[in-house]
Amino acid sequence: MSIPLTLACERYDRTEALRDGRVRPAGVDLTYLPQQVEETFFRMARFREFDAAEMSLSSYVISLTRDAPFIALPVFPSRFFRHSGIYVSAASGIEKPQDLAGKRVGIAEYQLTANVWIRGILADRHDVPVESVTYRTGGLHDPGRPEKLKVDLPPEIRVEPIGPGQTLSEMLAAGEIDALYTPREPRSFTAGDGRVRRLFEPSGPAEEKYFAETGIFPIMHVVVVRREVYERNRWLARSLYDAFTESKRLCEENFTETAALRYMLPWLLDEVARTKSLLGNDFWPYGLAPNAETLRTFLRYSYDQGLAARPLEPEELFAPETLESTLV
């Protein structure tokens with residue numbers, strides 16, 4: 001008899017075989033709930049509504065150093081280079097990363113994984129210490145957005161909420177904040193009126209250089225299981241991990257299909273070849289070993305930025321059943 005389990009996760013090419021049932025986790029009757037990531041993170045972090053869910057890496061790390069309500073699998077449904085997520089107001093005078101020091105920077109939430117990566121990269125590589133700016137928090141397009149989990153930051157990090165009727169996108173266009181770190185494009189940028197631009201434009205070359213020098217393709221999300229669900233049936237961790245891995249493998253097979261393109265990219269094969277030439281053949285790896293240094297860097301950022309309550313090592317993040325395999 002299979003165990004019923006709900007999984008809340010965005011619709012991705014790498015998880016589509018789980019959603020449509022081509023891949024079924026052993027021993028599990030899976031209900032896949034496709035949702036926008038902000039909704040999944042909020043509902044899982046606040047109310048723990050689902051048995052398993054895609055989760056912000058940053059929020060998961062915060063929770064792990066507190067009451068530890070979840071355990072993660074080394075599955076990374078979202079990765080993203082984030083140089084493209086730094087926007088500046090045309091009125092700010094910001095021309096290069098170092099100009100951010102002393103400025104007012106909007107962030108939807110201090111704890112967002114994208115923002116942890118951006119702050120860390122700017123501090124490590126561009127001489128912009130985390131405490132050198134004043135952060136203004138609030139909704140990107142809707143007023144009143146709170147932090148998913150309460151954060152208790154050191155006094156040298158200045159975080160101030162914007163007004164109850166304000167949004168970060170509009171404030172950036174109006175010059176009321178100087179810059180914005182965000183995983184989503186602000187509408188004031190997509191409007192194309194010139195008042196908002198990206199700091200790194202184009203972003204691709206900066207991101208390629210970053211990978212070439214660090215080997216890091218930033219991890220954004222993990223998959224977590226509610227701890228009580230995991231403790232009742234610890235075999236679930238391996239079953240789910242294997243299913244996510246198989247679903248990703250099926251997705252990767254589509255990249256090499258030449259009879260008919262599976263994705264609406266005319267030069268898909270060329271782009272896959274280019275990506276592999278830059279990032280390696282396994283450019284989106286699951287598992288601990290190939291991701292240990294990326295995770296170690298993120299964990300350092302999380303602790304240094306006042307989010308994680310204690311330093312963590314990468315292996316502490318994951319169910320131990322997912323870190324070893326049977327050998328014959």
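Along the chain, the longest continuous region that contains none of the chymotrypsin sites (Phe, Trp or Tyr not before Pro) in a DSSP loop with at most 13 other C-beta atoms within 10 Å is 1-262. GNM remark for the chain: springs join alpha carbons under 10 Å apart, and the peak mean-square fluctuation among 126, 221, 83 falls on 126. Phi angles of segment 208-214 translate, via the Karplus equation with coefficients 6.51, -1.76, 1.60 and θ = phi - 60°, into HN-Hα couplings of 5, 4, 4, 5, 4, 8, 10 Hz per residue; Gly and Pro are given as x. A simple spin-label model places the labels of residue 134 and residue 26 5.8 nm from each other, with each point 7 Å out along Cα-to-Cβ. Under the combined filter of DSSP loop state and at most 16 neighbouring Cβ atoms within 10 Å, segment 250-328 retains these trypsin sites (Lys or Arg not before Pro): 262.
Given their separation in residues at 0.36 nm each and the Cα-Cα distance between them, residue 313 and residue 158 gain 53.1 nm when the chain is fully extended. Translational diffusion of segment 253-328, estimated by Stokes-Einstein from the Kirkwood radius over alpha carbon pairs at 20 °C in a medium of 1.002 mPa s, is 136 µm² per second. By the Kirkwood approach, averaging reciprocal distances over each pair of separate Cα atoms, the chain gets a hydrodynamic radius of 20.9 Å.
For segment 1-86, trypsin sites (Lys or Arg not before Pro) meeting the loop criterion (DSSP other than H, G, I, E, B) and having at most 14 other Cβ atoms within 10 Å: 11, 22, 66. In terms of its C-alpha gyration tensor, segment 76-178 has a rounded overall shape, because the principal axis ratio a/c (a ≥ b ≥ c, square roots of the eigenvalues) stays below 1.5. Let me make sure I get this right: for segment 131-262, a, b and c are the square roots of the gyration tensor eigenvalues over alpha carbons, sorted descending. Under 1.5 in a/c it's rounded, otherwise prolate if a/b > b/c, else oblate. Which is it? Oblate, since a/c reaches 1.5 and b/c is not below a/b. Rounded to the nearest 20 debye, the dipole size of the chain about its Cα centre is 340 debye, using +1 on the Cβ of Lys and Arg and -1 on the Cβ of Asp and Glu.
So how tilted is helix 113-126 from the main axis of the chain? Cα-based, degrees 0 to 90, rounded to 10. Once rounded, one gets 60 degrees. Over all other residues within a Cβ to Cβ distance under 15 Å of residue 165, the charged ones net out to -1, with Lys and Arg as +1 and Asp and Glu as -1.
Here the residues 103, 248, ranked from fewest to most Cβ neighbours within 10 Å of their Cβ, fall in the order 103, 248.
The sum of -39500 (n - 2.57) across all DSSP H runs of n ≥ 4, divided by the residue count of the chain, sets its helix-only mean residue ellipticity at 222 nm to -10000 deg cm²/dmol. In this simple spin-label approximation, residue 246 and residue 227 carry label points 7 Å from Cα along the Cα→Cβ vector, and these lie 3.0 nm apart. Modelled spin labels at residue 270 and residue 324, positioned 7 Å past Cα toward Cβ, are 4.9 nm from each other. In a DSSP loop and with at most 13 other Cβ atoms within 10 Å, the GluC sites (Glu not before Pro) in segment 117-179 are 156.
Computed on the chain, with alpha-carbon pairs under 8 angstrom and 6+ residues apart, the relative contact order is 26 percent. Residues within the reach of a label modelled at residue 90 (point 7 angstrom out along Cα to beta-carbon, backbone nitrogen below 20 Å), restricted to segment 155-187, are 168-181, 185-187.
All of the numbers you see were taken from the coordinates with simple rules; none came from a lab. Here the structure is a predicted model, which means the values were calculated and not measured. All Cβ positions, even for glycine, are placed from backbone atoms using ideal geometry, and neighbour counts span all protein chains on display.
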